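Let me begin by presenting the structure, written as structure tokens, before commenting on it.
The values are calculated or read from the model by the stated rules, or taken from the named source; none is laboratory data. Remember, predicted model here, so these are calculated numbers, not experimental data. Neighbour counts are summed over all protein chains in view; Cβ atoms, including those assigned to glycine, are modelled from backbone coordinates with ideal geometry. Heads up: the accessible areas ignore ligands, DNA and RNA and are worked out on the full protein's heavy atoms, side chains in. Shrake-Rupley method; radii C 1.70, N 1.55, O 1.52, S 1.80 Å.
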Amino acid sequence: MSARNFRVAGQRLPRMDGIGKVTGKHVYAADFTLAGMLFGKILRSTRAHALIRRLDTSRAAAMPGVRAVITAADIPAVRFGQAVRDTTVFALDRVLFMGHPIAAVAAVSLEIAVQALAAIDVDYEDLPAVFDMEAALKSAVLVHPEWATYKALPIIARSGNISGRARIKAGDVEAAFAGAHRVYEHRFTTALQHPGYTEPRAAVADWDANGNVTVWTGTQLPFDTQNTLAEILDLPSSRVRVIVPGIGGGFGGKLRIGVEHFAALLARKTARPVRVITTSEEELTHSYPRQATVVTLKTGVDRDGHLLARQGRIVLDCGAYAGSGPATAAIALQVLAGPYKTAALALESFAVYTNKGTSGSFRGPAGPMANFAVESQMDMIAADLGLDPLEIRLRNIVHEGDRGPSGEVLRAVSIEECLRRAAAAIGWDDRKPAPGRGKGIACGWWMTTGGSSGVYVKINPDGSATLVSGAVEIGTGAITGASQILAEELSLDLADISVTGVDTQAAPYDYGAQGSRTAFSVGNACLAAAADLRRQMFAIAAAQLDAPVEAMVLRDKHVVAGDKSISIAEVARISRLSGGGLIAHGTAISPSPAYDPGRLENHPLPAWNTPSFHAHAVDLSVDPDTGTVDIHRYVVAQDVGFAINPTYIEGQIEGGVAQGIGQALSEEIVYQDGKVMNANLTDYKMPTALDVPDIESILVECASVAGPYGAKGVGEPPCIEPPAAIANAIAAATGFWLPSLPMTAEKIARELRARRK
Amino acid sequence: MSRRILNVVINGERHELLIEPHWTLLQVLRGQIGMMGTKENCLEAECGVCTVLLEGKAVNSCILLAGQVEGRAITTIEGLGDPEHLHPLQAAFIEHGAVQCGYCIPGMILSAKSFLDENPGRQPTRQEIREALAGTLCRCTGYGKIVDAVAAAAQRMAGKEPTP
């Protein structure tokens, strides 16, 4: 890439929204208010599975200051959902989990709204419940007895409590197992993990005189939220406008509708603006945390540690509604194959309903869970065969032109470089046995989801450019990155680019802040818009300069043709007078690669677009008495294709690893009999500044074909490998693998004590 | 509920406010005055995004009753610096890539200011900075670049590096 001699792209420039964020001027959804606004609160079930025998809101509705109380009886009877349309706004005649919304109140103050919730009378009749995901596979208790009547995407295979089953198959695993030198079988479990965004989910809704609603919300997917709101409100989507003022983190937890619908329904009932914001307790009992899973792996190898066959199964606990569970479970299958050549695969996923809160697609959905299993088992196999953990990986990894699990041809494959560089940085060859100290390594791969992006780019008469995009700047710096690409292409500085806010009414479509794709897709759309703008500017300049278009380039904010030039600002002014101004619509879509459909069953994301590769290495100590893990060094080598802004890519890596350390060592939403036992941020343990070491990032640049300047998706991968890398290092330090996340000090200490006896 | 008068100095300006006795300082800042730079999240002093300075010391405004600050001086992020005159901490957070979503950043910067002001002229270690910031959760950054920013600002504030 250096041959292109970039001025703006690839540079460590400060993010465009930085000053607003450090001065407190950046407005987030939780900061947004309107005059005369009411405050909404949600009444939630206190039972895990029960019939609602009586629901009486009359006392609450009569309280001074209460402006509306609504229940399922007051709103359109609609079921919504991504893969399966199983979800209702409020419980109907039956609550499906503790925390299930039953009613909503709007009042003149938050205090009165809270008091009104206590005045709603609910009589329950408890029903048998199912909490264990494996039990749910065969349980007579159905979370949705009417499941067969629900609409769903045609690709989704469902049955009873199974909201989605998918498969990837290649070769003959049974024959391969029969001929294998050894066959290993292991079982792993992973826990429910909250995305942990620091801004609660918040929305303000207001209806205008023509029956249109505007919702200001911190959503990652404004267009998806617009559509879902339209369904719930029974309106054409053009009458629903979603504006994202600013968003205080999301990590996948703010993809699907959260509180927007409550605000919109209450605002419609009261004819007043209504704000709804979640509490930490609501976040930990009813949000979209990373699903808990059970993964079983059976892997056959030859004498030299080559993988011959793998049978894998992931069971994923969706909670009471499918949410993104069916797709998440299916994505796990590619992760279970890993960045490895394995001739025979039989991989199967089950997304299952239980009587618990709905879960969702937290950053790298299914990635860390499946990777934890695969990469822990790789080390177990290496240990059994007496192989170096790095060596067994190098013997099995994919290379350029190899086929992936769906039969797709893999391009820009860099896993070997990632492994070697991470290993070198951590001092892999210098692993002197020291009691209680060990190094671990893990690697993986992940997709760059495509999804289409549109942008409008306008050149202003002062020579600056305005980027109009429906893409949400969730914090990654993706919009700064896309703007760097735009500035590069237009020969402008980053300071010449301004970005409008996200507004579904004004902005072109964008697939949303998800799937490691914002900088990638919006960057590509900016490339397309810039190419169009060059054509427009060159046509105007041709007349002004009396020069052929073919001779023209943009250089230093001018259209240049040989020794003649005209400023972009002047061209923009001419265009205003003669042609309505310079504006372009750039679009981008990244189709998935060709694959072998014969390998797949019921898989909604069959083959990965522009995969990235990564390796993590860690050096840590385990306290022999307390089991406490102390991480000394943590190294990531990640293939980013092209580093559009290295500072914020490092930021993605460091933040993702911190989340992975949390998942590895401390984070778990603990359920007992359907009740969350730690619904506060003291007992739900996210890493603090004392729990995360300085993380060392190595940016590998193996250019992709599809990304802007060769970029690949960056955001999700860093949280995928930490649980496995840490598990392998703990094993190096202690001699045992803990197959259960989180690997708390308590679990480690218990195992250490058991082994001393 | 009976209201009472609160006299408080916020970012150097005197305010006379009518408050209810159970209101927190956070509620007054955001709800009464409309200063939204101080952020709201857990309301249980667990996450630190609501941190402000009370007579220069970092406090969680979400659990401080407004009545407790009668006659005292509060500094919020809006009082630290403005876009044309950034405080060295604010400038360092931008320069070192310490800002992502930014929601924890006002609290993080004020926690850092309280800490650095307690230790004037001395360059803190990274571990000391981490301890000082451990009460504020950040889910985006992994903290490393925040520690870099605070260390750089400490140097600049101690006069060891000129403000650009």
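Overview of values
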quantity: 16 Å Cα-Cα reach of residue A:675 towards lysines, excluding residues that sit fewer than 8 places from it in its own chain; calculated: A:356
quantity: Accessible-area value, residue A:350, 1.4 Å probe, nucleic acids and ligands omitted, Å²; calculated: 30 Å²
quantity: Relative contact order %, segment B:88-157, counting alpha carbon pairs below 8 Å whose residues are six or more apart; calculated: 55 percent
quantity: Solvent accessible area, Å² - residue A:399, 1.4 Å probe, full protein context; calculated: 70 Å²
quantity: Helix B:144-157 axis, angle to chain B major axis (alpha carbon atoms, nearest 10°); calculated: 90 degrees
quantity: Excluding exposed DSSP-loop GluC sites (Glu not before Pro) (at most 15 other C-beta within 10 Å), longest clean stretch of chain B; calculated: B:85-164
quantity: Pairwise label distance in nanometres, residue A:132 with residue A:589, each label 7 Å out on the Cα-Cβ vector; calculated: 4.7 nm
quantity: Two-decimal ratio, segment B:88-157, of alpha-carbon radius of gyration to 2.2 N^0.38 Å; calculated: 0.96
quantity: Within the protein assembly as shown, percent of DSSP bridges classed antiparallel, to nearest 5; calculated: 80 percent
quantity: Selected from A:291, B:107, B:12, residue furthest toward positive end of dipole (the protein assembly as shown; charges at beta carbon); calculated: A:291
quantity: Cβ-Cβ FRET estimate between residue A:51 and residue A:677, R0 fixed at 30 Å, reported to 0.05; calculated: 0.75
quantity: Taking segment A:151-258 and dividing mean pair separation by its residue count, relative contact order in percent (alpha carbons under 8 Å, at least six apart); calculated: 24 percent
quantity: Area buried, chain A against chain B - accessible surface, total, 1.4 angstrom probe, square angstrom; calculated: 3900 Å²
quantity: Mean separation of Cα contacts under 8 Å (6+ apart) over length of chain A, as relative contact order %; calculated: 16 percent
quantity: Rg ratio (alpha-carbon, reference 2.2 N^0.38 Å) - segment A:143-248; calculated: 1.75
quantity: 1.4 Å probe, heavy atoms, protein only - residues of segment B:73-101 losing at least 40 Å² accessible area vs chain alone; calculated: B:83, B:94, B:99, B:100, B:101
quantity: Alpha-carbon Rg/Rh ratio, for segment A:43-125, with Rh computed the Kirkwood way; calculated: 0.99
quantity: Trypsin sites (Lys or Arg not before Pro) within segment A:555-589, DSSP loop, no more than 10 other Cβ atoms inside 10 Å; calculated: none
quantity: Residue A:429-residue A:174 FRET efficiency (beta carbon distance; Förster radius 45 Å; 0.05 resolution); calculated: 0.70
quantity: Inter-probe distance in nm under a simple model that places probes 7 Å from Cα toward Cβ, at residue A:341 and residue B:17; calculated: 6.8 nm
quantity: Sum of -39500 (n - 2.57) over DSSP H runs of 4+, divided by residues of the protein assembly as shown (222 nm, nearest 500); calculated: -8500 deg cm²/dmol
quantity: Added length on full extension, which subtracts the Cα-Cα distance from 0.36 nm per residue, residue A:35 to residue A:77; calculated: 12.0 nm
quantity: Listing of segment A:672-686 residues, each with accessible area lower by at least 50 Å² in the full protein assembly than in the chain alone (probe 1.4 Å); calculated: A:681
quantity: Cα-Cα over 22 Å, subset of A:25/B:39; A:298/A:341; A:298/A:757; A:138/A:747; A:138/A:685; A:685/B:113; calculated: A:298/A:757; A:138/A:747; A:138/A:685; A:685/B:113
quantity: Exposed-site-free run, longest, chain A (rule: GluC sites (Glu not before Pro); DSSP loop; at most 12 other C-beta within 10 Å); calculated: A:401-757
quantity: Hydrodynamic radius of the protein assembly as shown per Kirkwood, over alpha carbon pairs, in Å; calculated: 28.7 Å
quantity: At least 30 Å² of accessible area lost relative to the chain alone, listed for segment A:16-48 with a 1.4 Å probe; calculated: A:19, A:21, A:22, A:23, A:24, A:25, A:28, A:31
quantity: Cα-centre dipole for chain A with unit charges at Cβ (Lys and Arg positive, Asp and Glu negative), debye to 20; calculated: 760 debye
quantity: Nitroxide proxy distance, nm - points 7 Å out along Cα→Cβ at residue A:303 and residue A:411; calculated: 4.0 nm
quantity: Within the accessible area of the protein assembly as shown (1.4 Å probe), percent carbon and sulfur; calculated: 51 percent
quantity: Neighbour cut-off at most 16 other Cβ (10 Å), DSSP loop, trypsin sites (Lys or Arg not before Pro), segment A:345-421; calculated: A:411
quantity: Rounded accessible area of residue B:64 (nearest 10 Å², 1.4 Å probe); calculated: 30 Å²
quantity: Heavy-atom surface of segment B:88-157, accessible at 1.4 Å and reported per residue (Å²); calculated: 26 Å²
quantity: Whole-number accessible area per residue in Å² for chain A, which is evaluated in the context of all protein chains at 1.4 Å; calculated: 34 Å²
